[in-house]
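Down below is the structure, laid out as structure tokens.
The values are calculated or read from the model by the stated rules, or taken from the named source; none is laboratory data. Because the structure is a prediction, the values reported are computed rather than measured. With ideal geometry, Cβ positions are generated from the backbone for all residues, glycine too; neighbour counts draw on all protein chains shown. Areas reflect the complete protein model, heavy atoms only, side chains present, ligands, DNA and RNA absent. Shrake-Rupley method; radii C 1.70, N 1.55, O 1.52, S 1.80 Å.
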Amino acid sequence: MSRKAAALGSLLAAALLLSGCGESDDGGSGRGGSGADGGSESSAVEAKLLGQVPMAKVGEMSGAMGMWTTDKNFVKADLKKIVGYSLDGAKAEWQIPLAGEICWSSPEPTEAGLVAVLFQDSRKDPSVCTEVGLVDLNKGKLLWQKQAVDEYGSPQMFDEVTIGGGTVAAAGTSADAGWKVSGEPLWKPSDDKCPVEGYAGSDEKLIALRDCGEVETPQLTLQTIAPATRAVKSAYELPAGTEYAHVVSTDPLVVAADGGDSKKGSSGASEFLTVDDSGARGKLLSTISTVGGKYGKYRLDCPATEVSGCRQIAVTNDTLFLGTSEPGSPSSEAENDLVALDLRTGKPSGRAEGVEGGPLTPIGVADDGKVIAYQEADVVDEAGGAVWALDPKTYKKTKLQQNPSSTYEMEARFTTERRMLFAGDRLYIGGEHVTAPSTVFKKKQPLAAVFGAK
């Protein structure tokens, strides 16, 4: 039995786990600089709520993982469907019905606008995730739907699915399988001495995480593989005692490792490892601990068993960006700041000072290389959230957008298990689950919301 299966019971109890905080270890002063003030706000757009995706009526929480944008549409996974809206979220323009709840989806579309989705088949067994599909976001179509069956003809269950190097790869507690984007099968489930825990992919690469250990003594190996054949191009054995690992970036290859020590915080990561996978044997370039030190606590969230599910992180070609929360000690220099960490040395390379109000959270990197950070809505001062851009060279922050105070409560309720995108000067916030009406709040909560000037 895999460790994912062994951890299933505890995961069910933690379905609403709040974002954790791990402590950093960066004791040096670092190079580079930090913002001299709270950053420029003069150019910020006064945004408004442009559109909302209504929450479907359900009696219990249901999967709706997935949110993307294209040149023409804002696309949101919903209850047993994927819907394409106008870019302001105001009008539904197309819909893809699915056979059951969505269990997982690739976080980013390929250059061709393709995403992989994993969902249930309510007509057969609504409790398991067996259906792998490929969606063309540009056309608003489900191109194909596949199952992987074992030698007895039984459909296999999966936990995650991704697209890497033109291959759709799925993995779960019992098996893994792969297909070409054309739908042609590449490999089928089989007994494996070192089963795949999960895959992470990009347009160019496919990364596999394998476990060659036992339930109590895992031995995880990170492999860069040939997408069509699974031939191992590079392999790196993670440190002994690593219970879970999460691929944060495929190029550069960055993995968040979890040693399973509860004292290290509940973020799901005790350290970040940067790996050079250019050779047959992967080489460790740097280690960035998330436990204790000068910059207090980092804000990050890496759900335990998910191979590609880390949030609140941004990665450029050479730098890891994390937000901080409260100071870790009286001598801590950071509070609500954005910290830049050099992926080759593991040392801090700079810091952008925080701002008043809600904490700053990295959510991505723009086409021009600037780091995009979301400032959480402030429930104390009843202020809407905001979007900031950080220059990775000068660490200067510029506020791009200020959301209205009239919707601060709704915005703040998007707290955990959410996806956030900033595209076309609009902020998209979406929940990963359809939920039953709140017994605490009077106003109905949408599944997703779009903020912008127009």
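Just checking, does the stretch 234-247 include any residue being within 30 Å of Y152 (Cα to Cα), open to solvent by 20 Å² or more (accessible area, probe 1.4 Å), assigned to a loop (DSSP other than H, G, I, E, B) and touching a residue at least 12 places away in the same chain (Cβ under 8 Å)? Quick ask: steps written out before the conclusion?
Residues of the stretch 234-247 that are within 30 Å of Y152 (Cα to Cα), as a first pass: none.
No.
Collect the residues in the stretch 215-225 that are open to solvent by 10 Å² or more (accessible area, probe 1.4 Å), in contact (Cβ under 8 Å) with a residue 12 or more places away in the chain and either in a loop (DSSP other than H, G, I, E, B) or farther than 16 Å from G178 by Cβ (or both), keeping them in residue-number order.
V215, P218, Q219, T221 - these are the residues of the stretch 215-225 that are open to solvent by 10 Å² or more (accessible area, probe 1.4 Å), in contact (Cβ under 8 Å) with a residue 12 or more places away in the chain and either in a loop (DSSP other than H, G, I, E, B) or farther than 16 Å from G178 by Cβ (or both).
Could you list, in sequence order, all residues of the stretch 411-430 that are part of a strand (DSSP E or B) and open to solvent by less than 10 Å² (accessible area, probe 1.4 Å)?
Correct list: L427, Y428, I429, G430.
Would you pick out the residues in the stretch 180-214 that are more than 21 Å from the chain's Cα centre (by Cα) and open to solvent by 60 Å² or more (accessible area, probe 1.4 Å)? Quick ask: steps written out before the conclusion?
Of the residues in the stretch 180-214, the ones more than 21 Å from the chain's Cα centre (by Cα) are 180-195, 211-214.
Selection gives K180, S182, E184, P185, K188, S190, D191, D192, K193, C212, E214.
Determine which single condition Y395 fails, assuming it passes every other condition in (1) buried (at least 21 other Cβ atoms within 10 Å of the Cβ); (2) in contact (Cβ under 8 Å) with a residue 40 or more places away in the chain; (3) under 18 Å from L300 (Cα atoms).
Condition not satisfied by Y395: (3).
Among the aliphatic types (A, V, I, L, M), under 28 Å from G66 (Cβ atoms), in contact with a Pro (Cβ under 7 Å, 6 or more places away or on another chain) and modelled with pLDDT of 95 or more - does that describe any residue in the stretch 348-368?
no
Please tell me if A148 is under 20 Å from S182 (Cα atoms) and over 25 Å from the mean Cα position of the chain (by Cα).
Considered against the rule, which asks whether it is under 20 Å from S182 (Cα atoms) and over 25 Å from the mean Cα position of the chain (by Cα), A148 comes out as yes.
May I ask you to list the residues in the stretch 161-180 that are outside any loop (DSSP other than H, G, I, E, B) and closer than 14 Å to D191 by Cβ?
Those that are outside any loop (DSSP other than H, G, I, E, B) and closer than 14 Å to D191 by Cβ: D176, A177.
Among residues belonging to the stretch 49-62 that are touching a Lys or Arg at 6+ places or on another chain (Cβ under 9 Å) and assigned to a strand (DSSP E or B), point out the one that is most open to solvent (accessible area, probe 1.4 Å). Quick ask: steps written out before the conclusion?
Kept after step one, since they are touching a Lys or Arg at 6+ places or on another chain (Cβ under 9 Å), are these residues of the stretch 49-62: 50-51, 53-56, 62.
Keeping just the survivors that are assigned to a strand (DSSP E or B) gives 50-51, 53, 62.
Details: L50: 37, G51: 8, V53: 2, S62: 9 Å².
The selected residue is L50.
Could you list all residues from the stretch 200-214 that are small (G, A, S), without any contact (Cβ under 8 Å) to a residue 40 or more places away in the chain and assigned to a loop (DSSP other than H, G, I, E, B)?
Of everything in the stretch 200-214, just one residue is small (G, A, S), without any contact (Cβ under 8 Å) to a residue 40 or more places away in the chain and assigned to a loop (DSSP other than H, G, I, E, B), namely G213.
Quick check on my filter: what residues within the stretch 431-446 are part of a loop (DSSP other than H, G, I, E, B), within 26 Å of T70 (Cα to Cα) and either in contact with a Lys or Arg (Cβ under 8 Å, 6 or more places away or on another chain) or among the hydrophobic types (A, V, I, L, M, F, W, C) (or both)?
Hits for the stretch 431-446 are E432, Q445.
Kindly list, by first and then second residue, each pair from a residue in the stretch 265-278 that is modelled with pLDDT under 90 and among the hydroxyl-bearing types (S, T, Y) to a residue that is outside any loop (DSSP other than H, G, I, E, B) and surrounded by fewer than 21 Cβ atoms within 10 Å (Cβ to Cβ), limited to pairs with Cβ atoms under 9 Å and residues at least 6 apart or on different chains.
Short answer, once both residue conditions are applied: S270/K264; S270/S289.
Just a yes or no: is a residue in the stretch 83-93 crowded, with 18+ Cβ neighbours inside 10 Å, part of a loop (DSSP other than H, G, I, E, B), over 19 Å from the mean Cα position of the chain (by Cα) and in contact (Cβ under 8 Å) with a residue 40 or more places away in the chain? Break it down stepwise before answering.
At the first step, the residues of the stretch 83-93 found to be crowded, with 18+ Cβ neighbours inside 10 Å are 83-85, 87, 89.
Then drop every residue that is not part of a loop (DSSP other than H, G, I, E, B), which leaves 87, 89.
Subset that is over 19 Å from the mean Cα position of the chain (by Cα): 87, 89.
Next, from what is left, pick out any that are in contact (Cβ under 8 Å) with a residue 40 or more places away in the chain: 87, 89.
Within the stretch 83-93, one or more residues are crowded, with 18+ Cβ neighbours inside 10 Å, part of a loop (DSSP other than H, G, I, E, B), over 19 Å from the mean Cα position of the chain (by Cα) and in contact (Cβ under 8 Å) with a residue 40 or more places away in the chain.
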